[in-house]
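The values are calculated or read from the model by the stated rules, or taken from the named source; none is laboratory data. Note that the structure is predicted; figures quoted are calculated from it, not measured. Positions of Cβ are backbone-derived with ideal geometry, glycine not excepted, and every protein chain shown enters the neighbour counts. With ligands, DNA and RNA removed, areas are computed over all heavy atoms of the protein, side chains included. Shrake-Rupley method; radii C 1.70, N 1.55, O 1.52, S 1.80 Å.
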Amino acid sequence: MAVHACDHIGYCPLTADATGYSPEFARNLRTVWCRGEFTACARYHAARLLGSENVPIDLFPVDRERVSRLLAN
Ligand code: SF4
């Protein structure tokens, strides 16, 4: 059976227990993005293009435009 989950789970800060967001919000984020549409996640793309150490802590999965701006700088 194919695994359909982001391989950044475990070191991406948004998958840590202490994200600073509500438990419900964090759980929903992980369900929708990390174990769902991770290939569309801005953090996923930023890590691949910029290196995980250069992904802003506050970059949200929906913010693909911000990734474009980061690449342009
Ligand atoms: S937030 Fe994005 S990059 Fe981080 S683990 Fe989830 S899908 Fe992967």
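Considering helices alone, the calculated mean residue ellipticity of the chain at 222 nm is -9500 deg cm²/dmol, with DSSP H runs of length four and up weighted by -39500 (n - 2.57) and normalised per residue.
First check a/c for region 1-54, with a ≥ b ≥ c the square roots of the eigenvalues of its C-alpha gyration tensor; if it is under 1.5, answer rounded, and if not, answer prolate when a/b is larger than b/c or oblate otherwise.
Oblate, since a/c reaches 1.5 and b/c is not below a/b.
In plain terms, the chain from THR19 to ASN54 could stretch by 10.8 nm, reckoned as 0.36 nm per residue minus the Cα-Cα distance. With each label modelled as a point 7 angstrom along the Cα→C-beta vector, the ARG64-ARG35 pair spans 2.4 nm. Solvent-accessible surface of the chain, taken per residue with a 1.4 Å probe and all protein chains present: 69 Å². Per-atom-type breakdown for the chain gives carbon and sulfur 54% of the accessible area (1.4 Å probe, protein chains only). Seen from ASP63, the other residues with C-beta closer than 12 Å to its C-beta sum to a net charge of +2, counting Lys and Arg as +1 and Asp and Glu as -1.
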